Amino acid sequence: MLALVMLGQMAFAMVTAARQQSPIVDEPVYVASSIVYLQQRSLEYNFEHPPLAKLVMATGLVFADARIDSAFEGDQWGLGRNVLYQQGNDAQRLLFLARLPVIVLTLLFGLVVFAFARDLAGSAAGLVALGLYAFSPDIIAHGSLATLDLLTTGFLLTTLWLLWRARNRPYRYLPLAGLALGAALATKMSALPAFPVMALLAVLSVWHAGRAHQLGRPIERRQVVQLLAAGVGAAAGVIVISIITVWATYLIVDPGLHWTTPPDLPVIHGLTAHVVDWLPFPRPFRDGMRLQLSFEDTKFPGFLLGEVYEGSKWYYLPTALLIKEPLGMLALWLAGGTAMLAVRRLRPAAPYVIVPAVVLLLVAMSGARDFGVRYALFMPVFLAVAAGCVVAYRARWAPLVAVVLVAFVAVSSLRTFPYYLPYSNEAFGGPDKTYLRLTDSNVDWGQDLARTGDRLAEKYPGEPVWLLYKGRGDPAYYGIRAKNPLKVPASEVHGLIVVSTTCLNWNVCTPAAGRQQLDELISSSERLEDVGHAIFIYRR
């Protein structure tokens, strides 16, 4: 009952956010690509990401009867804008239908968190882990969007849980682990670094299962070789099943794989190019990987702790996690991880929970894009399982402390409802102050345009509006009739100035020459209020 209550509040929070939010930057592309899958069976758009997440979204969009221009010519961003706003579709209904299957899977992954922690340390551990998962602002935020990060993380967690269970029944769970691992990679290519970790864990599970059958008897060299050979064979089987799963997702979309490499696809050189060529995946997957790898050679803008910079910082993700995760959650991560290493019966689980989290975090820290904690969303998911193990301490205080800290997380999460994306913990000032330290998908991903339209209509009807918005939504669709304040002299800008916080921190919304004018406009205006902690309304 407690598990159902926690998942019930999570479902309510995600559905509320999903209904209120306008499209974040990436969603128009994913929604439009899903509709193209349904109606044209084409892999042409958004090939830099594998198809599975968009097939998941398509299970909701199949009920939309969406209109699409079959003769459309343009890039994927133009396609997203065309489908949502130029074909007479109900944009918010399309978004909600695409988000709904992601919400369902997010709730199911919560059951995996509960089951995994329960397998390790009992039902109390399962409830602690599920409490952290169900009240995590980041998980709720990304679980309510039609995006890829939460789905990838959930499939990876499911793989780890099945590999853990394979220690006792390898023939039952290893094939399922291969399917889950394939689903992760068929969702997002960033799952690829997990493959060697999962392969080693498959070997470890087979080794444990073989030793268990020997009932503790001394092991001979021949038996060692046999067990290792069986483990390597099992790991290879898991990898083969995952590769077949990836192929299946592409064939579901286009059974004939009618694919032509885009002429403007970036060229990569050296050993990396040969490795990509040798990968046993469909050509659109390999071409998408080439595009993703080209991004790693690009210097993107970054913003951390008030500093604007070019490129990436290795400590960006650890710092962002310290800002974005609830304080009670951080404390339970530390306590649960310590318990997993200190309590003898839990030590065998550390390679299945802590090691994958550390490896994936190190890989993510080396990336070129400091865009948000979504690149490390596996941390609050994986470490929720570790946190549940705090109840394994024999001290009487352990369960009480765990309950108090989960309650602290719950209160902090409920206070930010329904604005989960810009959440930061109390040590850093809460959601009101997140924009001072982080930006982009940590705070303002374009999600509050619809809310802003409603706010302007309700409180400021008829007033002139000047807008600087970072996102893919269409302001006019949401009733915002506005001009760009940087395209006229500052002396002509009077009325309401509405600005995305991302535009305040980055120069992505302004030409270099416009930065000074924006600063002048803001400094000479009165700040009235914010919308969802992501968009500010000023009067000048």
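The values are calculated or read from the model by the stated rules, or taken from the named source; none is laboratory data. Just so it is clear, the structure is predicted and the values come from calculations on it, not from any experiment. So basically every Cβ, Gly included, is an ideal-geometry build from the backbone, and we count neighbours across all protein chains shown. In case anyone asks, the SASA skips ligands and DNA or RNA and just uses the protein heavy atoms, side chains included. Shrake-Rupley method; radii C 1.70, N 1.55, O 1.52, S 1.80 Å.
Ala18 sits among other residues whose Cβ lies under 12 Å from its own Cβ, and their net charge, with Lys and Arg +1 and Asp and Glu -1, is +2. Given a Förster distance of 45 Å, report the FRET efficiency between Ala229 and Leu111 from their Cβ-Cβ distance, rounded to the nearest 0.05. E(calc), rounded to 0.05, equals 0.80. Taking Cα atoms only, the orientation of helix 91-121 departs from the longest principal axis of the chain by about 30 degrees. Descending by average beta-carbon neighbour count within 10 Å, the peptides 121-127, 452-458 line up as 121-127, 452-458, the highest first. Counted over the chain, the DSSP beta bridges are approximately 70% antiparallel.
Please identify the trypsin sites (Lys or Arg not before Pro) of region 1-77 that satisfy two criteria: DSSP loop assignment and at most 16 other Cβ atoms within 10 Å. Which are they? When the trypsin sites (Lys or Arg not before Pro) of region 1-77 are filtered for loop state and at most 16 Cβ neighbours within 10 Å, Arg41, Arg67 remain. In whole Å, how far is the Cα centre of region 101-157 from that of region 287-307? Each part reduced to its Cα centre gives a spacing of 28 Å. Here is the P(r) of region 385-463: all C-alpha pair distances, binned every 5 Å from 0, give 3, 12, 15, 15, 14, 14, 10, 6, 4, 3, 2, 1, 0, 0 in whole percents. The residue among Val238, Gln223, Phe281 whose Cα reaches farthest toward the positive pole of the charge dipole of region 212-300, with charges on the beta-carbon of Lys, Arg, Asp and Glu, is Gln223. As a fraction of the 1.4 Å probe accessible area of the chain, surface on carbon and sulfur atoms comes out at 62 percent. Panel note: the C-alpha atoms of region 20-98, placed on their principal axes, show extents of 29, 25, 23 Å (largest first).
The share of Cα pairs per 5 Å bin across region 408-530, counted from zero up to the longest distance, runs 2, 10, 19, 21, 21, 15, 7, 4, 1, 0 percent.
Treating each Cα of region 1-61 as one equal point scatterer and applying the Debye formula with no solvent, the log10 of I(q)/I(0) at q = 0.13, 0.15, 0.23 Å⁻¹ comes out as -0.47, -0.58, -0.92.
Within the chain, Cys389 have no other Cys Cβ under 4.7 Å of their Cβ and so lack a disulfide-compatible partner by this rule.
Taking a straight Cα-Cα cut-off under 25 Å and skipping sequence neighbours fewer than 8 places away in the same chain, the lysines within cross-link reach of Lys54 are Lys188, Lys470.
Positive contributions from Lys and Arg (+1) and negative ones from Asp and Glu (-1), summed over other residues with Cβ under 13 Å from the Cβ of Gly453, come out at 0.
Distance from the C-alpha centroid of region 433-466 to that of region 16-81: 24 Å, rounded to the whole angstrom. When restricted to Cα atoms, region 249-308 yields an Rg and a Dmax of 15.6, 50 Å, respectively. When its C-alpha radius of gyration is set against 2.2 N^0.38 Å (N residues), the chain gives a value of 1.01.
Estimated translational diffusion coefficient (Stokes-Einstein, Kirkwood radius over Cα pairs, 25 °C, 0.890 mPa s) of region 487-540: 214 µm² per second. One quarter of the surface of the convex hull around the alpha-carbon atoms of region 448-504 equals 3.9 nm², the direction-averaged projected area. As a calculated quantity, the FRET efficiency between Leu265 and Gln39 at R0 = 25 Å, using C-beta atoms, amounts to about 0.50. Each Cα pair under 8 Å and six or more residues apart adds its separation to the average, and for the chain the resulting relative contact order is 17 percent.
Can you give the Rg to Rh ratio of region 140-253, both from alpha-carbon atoms, with Rh computed by the Kirkwood formula? Checking Rg against Rh, the ratio lands at 1.07. What is the pair-distance distribution P(r) of region 262-399, computed from all Cα-Cα distances in 10 Å bins starting at 0, with each bin given as a whole percent? The percentages, shortest bin first, are 11, 29, 27, 21, 10, 2, 0. By the equivalent-ellipsoid construction on the alpha carbon gyration tensor, region 344-435 comes out with semi-axes of 26, 23, 8 Å, ordered largest to smallest.
Estimated translational diffusion coefficient (Stokes-Einstein, Kirkwood radius over Cα pairs, 25 °C, 0.890 mPa s) of region 199-288: 150 µm² per second. Against the chain, whose longest principal axis comes from its Cα atoms, helix 123-135 is set at around 20 degrees. Modelled spin-label separation between Glu310 and Asp69, with each label point placed 7 Å from Cα along the Cα-to-Cβ direction: 3.5 nm. Tell me, rounded to the nearest percent, the portion of alpha carbon pairs in region 329-370 spaced more than 11 Å apart. Here the long-distance tail beyond 11 Å is 67 percent of all Cα pairs in region 329-370. Ordering 150-157, 376-383 by mean Cβ neighbour count within 10 Å, with the highest value first, yields 150-157, 376-383. I need the calculated FRET efficiency for the pair Ser123 and Arg221, taking r as the beta carbon distance and R₀ as 56 Å, to the nearest 0.05. FRET efficiency, Ser123 to Arg221: 0.85. Relative to the longest principal axis of the Cα atoms of the chain, helix 378-388 runs at roughly 50 degrees. Going Cα to Cα from Lys299, which aspartates and glutamates come in below 12 Å? Please leave out same-chain ones fewer than 8 positions away. Those aspartates and glutamates meeting the cut-off are Glu310, Asp370. Here the gap between Ala273 and Ala395, fully extended at 0.36 nm per residue and compared with their Cα-Cα distance, gives a gain of 38.4 nm. Per residue, the chain exposes 41 Å² of accessible surface when a 1.4 Å probe is rolled over the protein heavy atoms with every protein chain present. Using Stokes-Einstein with the Kirkwood hydrodynamic radius over Cα pairs, what translational diffusion coefficient do you get for region 179-337 at 10 °C and a viscosity of 1.306 mPa s, in µm²/s rounded to a whole number? This corresponds to a translational diffusion coefficient of 80 µm²/s.
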